[in-house]
Amino acid sequence: MPPDSLPAAASAPNLPTSPPPGLIALFVAFAKMSLSGFGGVLAFARRAIVEQHHWMSAEEFNETFALCHFLPGPNIVNLSVVFGSRFRGIAGGLAAFTGLIGPPVVIVTILAALYAHFGEVEALRRILAGVACAAVGLLMAVVLRMMMPLLKKRDYIGLALMAAVFAAIGLLRLPLPAVLLVAIPISIAISFAIRRRAQRQAKP
């Protein structure tokens, strides 16, 4: 078969190749994420959506998570609602949200009752400290993976903006709302400028 006859998804591995998930698939997928996400669900959400089910490309996931990051509320909760609504409307958003929140609520309620009785045990405190270290490692791994699309495209402007936001919030301790009010318009303006330049170069 000649290369031109191959499907676009096969010739572009960065594109999602699986059909849109149904309501049950959304609920089950996000339930698995929530039950696997010790210390944070983001790492498992990206793995399931991008790598396991191929419902989104890496770039689409980054863009969706960026939108959810700027919305009020927990990022991963926003992601579940936006992701489910994108494929199955309001019902899909509710299915993903219920799968993400339902199982942990039951487990945390039980653990909270146990912690009220055994929270002062020193061994338990050490276990929780170890879990915190693992959670930080997972978060760092996700950040590196989410950077890969920028590195592959050699988007040096995007990387510079990312570094500037990190320095402003993480090092200079500037207020998050103030940094976002400056960074978001700059990012949007840069994106439009790059797109216009690409369109001009594409014209004969």
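Can you give the FRET efficiency for Leu111 and Arg47, using 1/(1 + (r/R0)^6), R0 = 30 Å, r = Cβ-Cβ distance, to the nearest 0.05? Don't skip to the answer; put the middle values down first.
Numbers: r = 24 Å, r/R0 = 0.81.
After rounding, the FRET efficiency stands at 0.80.
Using 0.36 nm times the number of residues separating Ala91 and Ala66, minus their current alpha carbon distance, what extension gain do you get?
6.7 nm
Only four residue types carry charge here, +1 at the Cβ of Lys and Arg and -1 at the Cβ of Asp and Glu. Report the dipole size of the stretch 45-148 about the Cα centre in Debye, rounded to the nearest 20.
80
Dipole of the chain (Lys/Arg Cβ +1, Asp/Glu Cβ -1, origin at the Cα centre): which of Ile107, Gly37, Gly137 lies farthest to the positive side?
Gly137
At q = 0.12 Å⁻¹, what is the log10 ratio I(q)/I(0) for the stretch 155-204, with the Debye formula run over Cα points and no solvent?
Listed by q, the Debye log ratios stand at -0.34.
Apply 1/(1 + (r/R0)^6) to the Cβ-Cβ distance of Leu151 and Val77, taking R0 = 35 Å, and write down the FRET efficiency to the nearest 0.05.
Efficiency, from the Cβ-Cβ distance: 0.75.
Please determine, in degrees from 0 to 90 and to the nearest 10, the orientation of helix 75-118 with respect to the longest principal axis defined by the Cα atoms of the chain, where the helix direction is its Cα long axis.
20
Could you tell me which residue out of Ala168, Pro185, Ala198 lies farthest along the dipole of the stretch 154-204 toward its positive end? Charges go on the beta carbon: Lys and Arg +1, Asp and Glu -1, centred on the Cα centre.
Looking along the dipole axis, the top candidate is Ala198.
Just the Kirkwood number for the chain, please: inverse of mean 1/r across all distinct Cα pairs, in Å, one decimal.
Working: mean 1/r = 0.0509 Å⁻¹.
For the chain, the Kirkwood estimate is 19.6 Å.
Here, each number is a calculation from the coordinates, and none is a lab measurement. Being a predicted model, the structure only gives us computed values, none of them experimental. Counting neighbours? That spans all protein chains shown, and the Cβs are built from the backbone with ideal geometry, glycine included.
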